[in-house]
1. What residue among B:ALA25, B:VAL149, B:THR49 has its Cα farthest toward the positive end of the dipole of the stretch B:19-210, where the charges are +1 on Lys, Arg and -1 on Asp, Glu, each on the Cβ?
2. Could you give the spread of the C-alpha atoms of the stretch A:375-507 along their three principal axes, from largest to smallest, in whole angstroms?
3. Would you mind checking which residues have amide H under 5 Å from A:THR427's amide H? H placed 1.01 Å from N; only 5 or more apart, or other chain.
4. In the full protein assembly as shown, how much of A:HIS623 is accessible to a 1.4 Å probe, in Å² to the nearest 10?
5. Apply the a/c threshold of 1.5 to the C-alpha gyration tensor of the stretch A:618-692 and tell me whether it is rounded, prolate or oblate.
6. Treating the beta-carbon of each Lys and Arg as +1 and of each Asp and Glu as -1, no other charges, what is the dipole magnitude of the stretch A:119-245 about its Cα centre, to the nearest 20 debye?
7. Mind putting together the pair-distance distribution for the stretch B:47-93? All Cα pairs, 5 Å bins, whole percent per bin, short to long.
8. Could you derive backbone 3J(HN,Hα) for the stretch B:99-106 from the dihedral phi with the Karplus parameters 6.51, -1.76 and 1.60 (θ = phi - 60°), listing whole Hz in sequence and x where the residue is Gly or Pro?
Amino acid sequence: MSDWYWIFGNLKWNSLVFFHAFESPSASEEIAAGAALMVILGGLWLVWLLTVKGWWRPLWRDWLTSPDHKKIGIMYVVVALVMLARAVAEAVVMRLQQAVAVNDPGFLSADHFGQLFSTHGTIMIFFMAMPFLTGVINYVMPQQIGARDVSFPVMNAVSLALTTAGAVLVMVSLVFGQFETGGWTAYPPYTGIRFSPGEGVDYWIWAVSLSSIGTTLSGINFAVTIYKERAPGMTLMRMPLFTWTTLCTAILMIFAMIPLTAATAMLALDRYAGFHFFTTDKGGDMMNYANLFWLFGHPEVYILILPAFGVFSEVIPVFSGKRLYGYTSLVWATMAIAVLSFTVWLHHFFTMGQSANLNAVFGFATMTIGVPTGVKVYDWMLTMYRGRLRFTTAMLFSVMFLVTFVVGGITGVMLANPTVDFATHNTLFLVAHFHNMLIPGLLFGMIAAMQFWFPKAFGFRLDERWGKISFWCWSIGFYVAFMPLYALGLMGAMRRSFEWYQPEFLPYLVVAAGGALLILCGLIALFVQLWVSVKHRDQLRVPAGDPWDAHSLEWMSAAPAPEWNFAVIPEVHGREAFLEAKRDGTAYLPPERYEDIHLPAHSAMAPLIGVGALALGFGLTWHIWWMVAAGFIGIWAVVIARSFVTDTGHVIPADVVQREHERWLELVRNTPAVDRGVEQQSENLGHAEAVI
Amino acid sequence: MSAQTDPLYPGMTLEAADRDSHDAAEPVIFGFWIFLMSDLLLFAVLFATYAAMSTHGQADAPGPRELFELGSIFIETMLLLGSTFTFGMASLAMKYDQGAGAVVFWMVVTGLLGAGFLGFEISDFYQFAVIEGAPPQASGFLSSFYALVATHGLHVASALVWMVVMFVQIAVFGLSREVKLRIMRLALFWHMLDVVWVGIFTFVFLFGVVQ
């Protein structure tokens, strides 16, 4: 313990990763130093950009302190895209290492490789997938149900702040010290203090804990919003499918995040205070961890996949020019999946000592989930059947999802059989399987959502050419990267290996590395698409708000929507409320009268809590106790201070609402309604000619 | 009108004396029930962990039977049950608009009972951990015992902080709508902690001594 312990805790000069690159230069250390440098340069570039453009004030005033669900949603997606870039880069490095590490140590140290697969998994689940879907839900769901905001707007901002603090903590781990090497599941006893001393596991614990608390709050918020804030006439069975999947996801969030929070807290007690929950001695039992973790972990899979199912249920009917086929069965299938997701957690550790009978029960339960999922796949196919299909980027991702997801589902049913699982567990077969579920079942869904709702959020479409380039790179890249892993898994290649001794693996590993590079191209194309679209936004703009001839309420306003979403809360008379209104000719009519609109006021609470949470997490990781105390006390001081603020709302006067609304209605009247044939061209200004 | 008399949400309502606050309470109280549900899940997870650890996690440290004394546990139980009754009185005073004085009086009594509960619990922990040599570091069973019971205790402590904040807010704002809604949520939180304690009393202590 150094003299400076009470100020810096365990943090020392040689905690900086650059130190190792100087001290013992090797490719592995230099890659780590390069990554740290990128984080630092990225941060400096951001500071420079904000300063030069004078964006600090707008950033604080219009974004960070905003309780507007639309802005919070966009910020979530930004966090997700940044983290996606890092995690894809890590995946490429790992694939390259494995491809050159046949009878050769390759260029990464074993420890560095361990950190890479741990951060890759942790980021992809907690800091890419979760923020992405939470962002899309935030943006879309309140507008779909005809609400002005979520039920608890400031709490919504707090959720974002907590998740972001966790993401920042993971980024900081690139610069200070090491991340853990126990994978995204961080199983003890390996991650206990005896086998993993140091800060790595602590980074994981606190980053994940912050994210899971934020997600629990989001779940509560979404569920209450859907139950309490629906527009008049929007009964449960009239809700758009995306809102249904959001409801199921929200319920899963409320129930499933708690076991994770409890498990990480217990692991922390073991590590910090010498408790014996999961240790190998004094009655500790790591099986408790496995059960708690997967009690979260399996519902988590459906937290990830259900919102994407919702996205496909919106995208496919719109681009098929048809109504959604089998609405009721889709609702029931979604609910069935949500319930069944709590009955299968044991299949994640078939090989860890239960009786064969118990394994069999969970194997059957697991296969059962295939049934409602199959119902959904047929519903989506029948929605497309005899439709006028338009293969936009969003639709292409949806169709590719259908094909690819079925393949992944079938390998899932194979793994659900415990006898098969005994032969294939912990091999690359499993890695191929879950990437085969989550890339189409989450990422393709989120990319499709981005393509679909981007014009709603920003008032202009995304460039289709780069979108399609991205699509082909992602799709082909996925197959090239992961099909070889199925074969490798069956040949006995274990996951998380940083070095191989079987020359027969080589061709497969090289092909898989090529696939990873293609996926990287897909990601780059996605960013290029954003860049190109912003540059050409004048030719892509859709101010009238309905570029796709869409079905649900969120399209019944200008693009981008006003802060208050709807000038008057719409009345709903059936499913596909906006489509109905367009057919009745009531979609673009002025209301009888306008009223003042009450909106939540901006609040500095959320960003302050985010800073406090980051201090708390970083301090705990490095045992900097004054920082822990400051973070903890700061968070609660902010919460208590906030409870004394009485001016928590602001009013938009009726005449402002009227002026804005009439300007939009005027715009729609003056915008020629276009046929779907010119959907991709600059004539499409967001006024659709009805086709159904 | 029948719609006017239907309670919009479960639990105690304000509709008798303060119709507007009653309406404003709907999403807030519903949201808080959902939060309570997730908080109960935390206890469910801790109970499940305790159930597993108390049977096969004792190692060579003292077990429930050697450790637990029902005397102080009984006092703690009575204090907490009593505090639920007194908080009920505070809620009724608020419901029937009997003035801030009555509400504060019953809440102060509740807070004192809660503080008494915490005092006994801390002395129990001292007795177990220091005098009888059974700290949480001694075995998996003890780890799970302290985690479960202290999580409940920390909830009670944070409810007491919340209560103090409410006293300040009553002094500053009077019984405004916001303050009323917060006291209603604090009441729900307090009663939930009592329910959890009934579970701890039965499952941990009673089962423990008869084991």
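1. Positive-most Cα among the choices belongs to B:ALA25.
2. 53, 32, 23
3. A:ARG495
4. Its accessible surface works out to 40 Å², give or take rounding.
5. In terms of gyration-tensor shape, oblate.
6. 440 debye
7. 5, 17, 14, 14, 15, 13, 10, 7, 4, 2, 0
8. Here the 3J(HN,Hα) series is x, 5, x, 5, 4, 5, 4, 5 Hz.
The values are calculated or read from the model by the stated rules, or taken from the named source; none is laboratory data. A quick note: this is a predicted structure, and the numbers were derived from the prediction, not measured. Because the Cβ atoms are built from the backbone with ideal geometry, glycine has one as well, and the counts that use them run over all protein chains shown. Just the protein is used for accessible areas: all its heavy atoms, side chains included, with ligands, DNA and RNA removed. Shrake-Rupley method; radii C 1.70, N 1.55, O 1.52, S 1.80 Å.
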